[in-house]
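Since the structure comes first, as structure tokens, the remarks are kept for the end.
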Amino acid sequence: MLGLNSLDAIVDETANPAWADGQVFVLEINPRLSATFDLYSCAKRNLFKRHVDVCLNQYGLNQNAAYQLDLKCKAHAIVYAAEQIALSAPVLWPDWVIDTPQLSEKILRISNGEPVCTVLAYADSAEAAKKIAQSRVEIIQNLLQSLNQDCCTDDCVNISVYIH
């Protein structure tokens, strides 16, 4: 396999207590870019070009070892609706939010469990980027709660988040 590929795996932290970090089971290797490719946004253009060049045999494999990515740590969090959300007006999303829903009808309804948006964060360490992403999720939760047209009871919008 040449170029960028992705690997899907699960970690079983209970399988063997001797393994401090858990046992890793590879599920599949995919001959395509991963869903987290956007985390490399600063180098995305060059990274994709190098992927194409390697696949076309434009570079020797030894030349790729010299390629380095931006050292800034990045995180993203996908925000899912825990309850139905109803939006009746377009939302002015912060610039660190992507994959936003578009209002194309009078009321946009997002069902329980559906993705709402993705928040991005950048920092000098992975832990700091994760904390920023989590705090941004809280900001989006508050925004959605204030805009939700179905928020007539105590069962207001709750958002769950998965950090990648």
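FYI, it's all coordinate maths here, none of it is from the lab. In this text, all values refer to a predicted model and were calculated from it rather than measured experimentally. Please note: Cβ atoms are built from the backbone with ideal geometry, for glycine as well, and neighbour counts cover all protein chains shown.
Odds and ends about this structure:
- Residues whose amide H comes within less than 5 Å of that of Ser6, counting only those at least five positions distant or on another chain, are Asn30, Arg32 (H built at 1.01 Å from N in the peptide plane).
- By the count of neighbouring beta-carbon atoms within 10 Å, fewest first, Arg136, Arg32 end up ordered Arg32, Arg136.
- Segment Gln23-Ile10, extension gain: residue separation times 0.36 nm, minus the distance between their alpha carbons: 3.8 nm
- Amide H to amide H, with H built 1.01 Å from N, Val116 comes under 5 Å of Val79, Tyr80, Ala81, counting only residues 5 or more places away or on other chains.
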